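Chemist: Below you will find the structure I want to go over with you.
The values are calculated or read from the model by the stated rules, or taken from the named source; none is laboratory data. What you see is a predicted model; the values in this text were computed from it and never measured. Note that we place each Cβ from the backbone using ideal geometry, even for glycine, and neighbour counts take in every protein chain shown. Please note that ligands, DNA and RNA were not included when accessible areas were found on the heavy atoms of the full protein model with its side chains. Shrake-Rupley method; radii C 1.70, N 1.55, O 1.52, S 1.80 Å.
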Amino acid sequence: MTFLVGRNQSDAHVESFSGNGSTTGFTLSNSTTTNGCVVRISGVVQRNSTDFTVSGTTITFSTAPPNASNNVVVQYFGVG
């Protein structure tokens, strides 16, 4: 898998958030990039730069994720 070339396992992160139907911004524990993420909302993969963007540690959705517990899952590689 070329996605992992040059990366350490410790660079990989998975975080979950709970949508509330109104919040569009969430804070990640580590800095990353929009293209360094795979995001799912209720199991549906979101499109980079269309459905969400990332700037540093902030991920911002174009539409607020619906109200549900831990329905937003972000898998990403941190940037140094």
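Chemist: Given the criterion at pLDDT 95 or above and open to solvent by 50 Å² or more (accessible area, probe 1.4 Å), identify the matching residue among VAL73, VAL39, VAL5, VAL14.
Modeler: VAL14
Chemist: Right, something else. Run down THR57, THR63 and say which single residue is out of contact with any His (no Cβ under 9 Å at 6 or more places or on another chain) and either under 15 Å from ALA12 (Cα atoms) or modelled with pLDDT under 95 (or both). Talk me through it step by step, then tell me what you get.
Modeler: Working: THR63 fails: either under 15 Å from ALA12 (Cα atoms) or modelled with pLDDT under 95 (or both).
Of the residues listed, the single one that is out of contact with any His (no Cβ under 9 Å at 6 or more places or on another chain) and either under 15 Å from ALA12 (Cα atoms) or modelled with pLDDT under 95 (or both) is THR57.
Chemist: If you take the residues in region 45-80 that are in contact (Cβ under 8 Å) with a residue 60 or more places away in the chain and not in a loop (DSSP other than H, G, I, E, B), which one is farthest from SER18 (Cα to Cα)?
Modeler: PHE77
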